[in-house]
Amino acid sequence: MLDWQNLMRALFAFSALLFLAADWPRYRGPNGSGVGEVKNLPVEFSPSKNVAWKLDTPQGHSSPVLINRRIYLTGFDDARLLTFAVDADTGKKLWERELPRARKAVYGNPTNNAAAPSVAADGKYVVSFFEDFGLVGYSSDGKELWRMPLGPFQSFFGIGASPILVRDTVVMVCDGDVATFIVAVDVATGKLKWRHNRATFNSFTTPLIYDAGKEGVQVIIFGGHQLLAYSLSTGEPLWWLNKMPLRPKSSPFFATAKDGTPLMILSAQTPGEDPNRKDFNGKFSEMVKVFGADDKGRVSLQAVKEKNPRAVQTPTLMDSNGDGFVTEDEFNTYEDSQGAPNIIGAVRLGSGMKGDIESRVAWKRDRFVPNTPTPVAYQGILYVLKEGGILSAFDVESGEPFKQGRVKGAIEPYLASPVAGDGKIYTVSDAGHMAVIRAGREWEILAVNDLDEPTSATPALDNGRIFVRTKQHLYCFRQE
């Protein structure tokens with residue numbers, strides 16, 4: 001006769017193993033890879049199917065972060081900037097903390113908002129960044145530990161990066177239109193370790209951490225026109241790649257070559273950028289003819305706004321010192337920076353990297369490059385999701401193209417990035433259509449699920465579960 005008591009114990013232990021939490025501690029998971037070492041993920045789900053729980057959430061585009069069976073998110077309303085924790089098993093809100101919303105950034109694009117950056121967490125600490133305030137640190141139980149006001153920022157599209165937490169240090173990149181910088185902060189105390197101004201600007205990427213062994217831990221930032229690595233301990237610039245596109249939105253991440261060499265994947269597209277493009281025919285005098293000049297020969301941004309509010313973006317980018325005026329020197333510097341081609345490619349990393357590392361570029365292409373979604377590398381294949389639901393697969397080491405096709409049922413714009421795990425690729429469109437794709441050179445669509453709400457956040461993966469933030473809810477989907 002079966003020992004039912006022992007059998008039930010065994011089944012309970014087995015189910016606990018199936019749903020053992022797999023940490024997803026920052027935007028796009030472990031070191032921004034977008035890959036979860038997880039199993040038993042659901043294929044079909046919706047607001048009425050395979051829902052473990054659902055939670056109403058405030059406004060915000062930040063993506064869910066998971067660690068120690070807790071999910072952390074941010075949100076906002078007219079007066080407050082919110083950070084909150086949710087029990088990943090039950091969907092119960094464990095705590096919510098607020099900051100005053102002392103200022104309100106105005107975005108030139110509705111895809112950004114006051115709670116777009118995701119938190120960083122390590123099980124002991126939780127760190128949030130808000131463009132309308134700066135950085136704030138909490139314990140995992142919600143005790144506020146410190147605040148670091150930053151800004152105000154001058155950024156037409158808003159700050160796009162999320163903070164990262166490595167060892168005892170928080171790193172935050174604030175790349176706006178002018179006065180860009182990077183800070184390193186002690187996670188326990190909020191004490192500033194170092195701060196450096198940056199010469200690059202107008203990027204929206206989250207940093208990548210590279211442990212170079214004896215050469216130390218490095219922070220890699222994909223900025224406008226330049227990818228640059230800093231020492232985590234000192235902030236010293238170490239190596240770089242120039243001639244990058246102007247406004248990268250896809251964050252750098254790692255894949256692995258067959259010989260075990262780390263490959264850094266880069267992807268950046270600047271819509272409308274053209275190697276032959278010249279604003280005002282490349283002449284400052286033409287700009288003056290359109291908008292006029294003051295007694296110092298400068299074009300006023302206020303004059304631009306008054307004559308053509310829709311035209312203010314480019315003059316704002318030209319104003320490199322942020323004084324509200326464009327000089328002829330600023331105009332010429334901006335024009336000289338135009339024309340870097342779009343890129344998707346791989347860079348081989350290793351020891352002894354100093355200065356320009358152009359020779360380490362393994363391969364690159366300038367076609368099939370997404371605007372916003374960061375690609376994902378999974379089981380030796382790079383999956384690239386472009387606007388309109390165009391999905392391309394490449395060999396991650398050589399760049400050899402495999403299958404390209406449309407994600408039928410979700411041929412739409414995309415802000416969220418694809419993620420991978422359990423032999424599957426998950427994509428979610430702005431309209432809330434979430435596709436499940438069998439991974440492989442000849443990838444195959446398994447299902448397209450309708451979340452019935454707009455979705456801008458990148459999903460988080462766990463063993464047996466997927467966490468998805470829509471416009472008004474946080475869902476936990478799990479196979480029944």
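The values are calculated or read from the model by the stated rules, or taken from the named source; none is laboratory data. From a predicted model like this one, the values you see are computed outputs, not experimental measurements. A quick note on method: Cβ atoms are made from the backbone with ideal geometry, for glycine too, and the neighbour counts reach across all protein chains shown. Keep in mind that these areas ignore ligands, DNA and RNA; they rest on the heavy atoms of the full protein, side chains included. Shrake-Rupley method; radii C 1.70, N 1.55, O 1.52, S 1.80 Å.
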Problem set entry | Accessible area, probe 1.4 Å, largest first, for residues Thr333, Thr200, Thr234 | Thr333, Thr234, Thr200
For this session: Enter the per residue convex hull volume of segment 294-386, computed from alpha-carbon coordinates, in Å³ rounded to the nearest integer.
Result: 162 Å³
Exercise. Quick one: which of Lys386/Lys471; Lys124/Lys243; Lys364/Lys403; Lys49/Lys249; Lys92/Lys249 span more than 29 angstrom between C-alpha atoms?
Worked result: Lys124/Lys243; Lys49/Lys249; Lys92/Lys249
Problem set entry | 16 Å cut-off, amide nitrogen to a point 7 angstrom out along Ser233 Cα→Cβ, residues in segment 182-222 | 193-194, 210-219
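Can you list the GluC sites (Glu not before Pro) in segment 369-464 that are in a DSSP coil and have 16 or fewer other beta carbons within 10 angstrom?
Qualifying residues, ordered by number: Glu442.
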For this session: Determine the shape class of segment 204-243: with a ≥ b ≥ c the square roots of the Cα gyration tensor eigenvalues, call it rounded for a/c under 1.5, and otherwise prolate if a/b is greater than b/c, oblate otherwise.
Result: prolate
For this session: Give me the orientation-averaged projected area of the Cα convex hull of segment 344-436, in nm², one decimal.
Result: 6.8 nm²
Exercise. What does the accessible area of Arg478 come to, in Å² to the nearest 10, when a probe of 1.4 Å is used?
Worked result: 90 Å²
For this session: Provide Asp77, Asp279 ordered by accessible surface of protein heavy atoms (probe 1.4 Å), highest first.
Result: Asp77, Asp279
Exercise. Using the C-alpha gyration tensor of segment 46-168, what are the square roots of 5 times its eigenvalues, in whole angstrom, with the largest one first?
Worked result: 24, 18, 13
For this session: Any chance you could run the full-extension gain for Asp141 through Lys92? It's 0.36 nm times the residue separation minus the Cα-Cα distance, nm to one decimal.
Result: 16.2 nm
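Given only helices, namely DSSP H runs of n ≥ 4 each adding -39500 (n - 2.57), what is the per-residue ellipticity at 222 nm of the chain, to the nearest 500 deg cm²/dmol? Show your work: numbers first, answer last.
Values: 5 runs with 46 residues, N = 480.
Result for the chain: -2500 deg cm²/dmol, rounded to the nearest 500.
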Seminar exercise, completed: For segment 322-393, dividing by residue count, accessible area per residue (probe 1.4 Å) in Å² works out to 40 Å²
Exercise. Looking at the chain, what % of the alpha carbon pairs are farther apart than 43 Å?
Worked result: 14 percent
Problem set entry | Cross-link reach list, lysines versus Lys214, counting only Cα pairs under 18 Å and skipping chain neighbours closer than eight places | Lys354
For this session: Just order 23-34, 238-249 by mean Cβ neighbour count inside 10 Å, highest at the front, would you?
Result: 23-34, 238-249
For this session: Could you compute the FRET efficiency for Asp78 and Glu44, with r as their C-beta to C-beta distance and R0 at 41 Å, rounded to 0.05?
Result: 0.60
For this session: Provide the gained length on full extension for the span Asp366 to Asp450, in nm with one decimal, where the gain is 0.36 nm per separating residue minus the Cα-Cα distance.
Result: 27.0 nm
Exercise. Residues with beta-carbon under 10 Å from that of Thr374, excluding Thr374: net charge, scoring Lys, Arg +1 and Asp, Glu -1?
Worked result: +2
Exercise. Which percent of the accessible area of segment 395-480 is formed by carbon and sulfur heavy atoms (probe 1.4 angstrom)?
Worked result: 43 percent
For this session: Please work out how much accessible surface Lys305 shows to a 1.4 Å probe, ignoring ligands, DNA and RNA, in Å² rounded to 10.
Result: 100 Å²
Exercise. For segment 36-86, what is the convex hull volume of the alpha-carbon atoms per residue, in Å³?
Worked result: 113 Å³
Problem set entry | Net charge, Val384 excluded, C-beta distance under 11 Å - Lys, Arg +1, Asp, Glu -1 | +3
Seminar exercise, completed: With all protein chains in place and a 1.4 Å probe, Glu358 shows an accessible area in Å² (nearest 10) of 90 Å²
For this session: Count charges around Asp141 for me, please; just the other residues with Cβ under 12 Å from its Cβ, Lys/Arg as +1, Asp/Glu as -1.
Result: +3
Exercise. Roughly what angle does helix 328-337 make with the longest principal axis of the chain, taking Cα atoms, 0 to 90 degrees, to the nearest 10?
Worked result: 40 degrees
For this session: Rounded, prolate or oblate: pick one for segment 406-480, where a ≥ b ≥ c are the square roots of the eigenvalues of its C-alpha gyration tensor, a/c under 1.5 means rounded, and failing that, prolate if a/b is larger than b/c, else oblate.
Result: oblate
Seminar exercise, completed: Given the candidates Val38, His61, Ala79, the one whose Cα lies deepest towards the positive end of the charge dipole of segment 27-87, counting +1 at each Lys or Arg C-beta and -1 at each Asp or Glu C-beta, is Val38
Problem set entry | Unit charges on C-beta of K, R, D, E only; dipole of the chain, Debye | 480 debye
Problem set entry | Centroid-to-centroid separation of segment 449-480 and segment 126-190 [C-alpha atoms, Å] | 26 Å
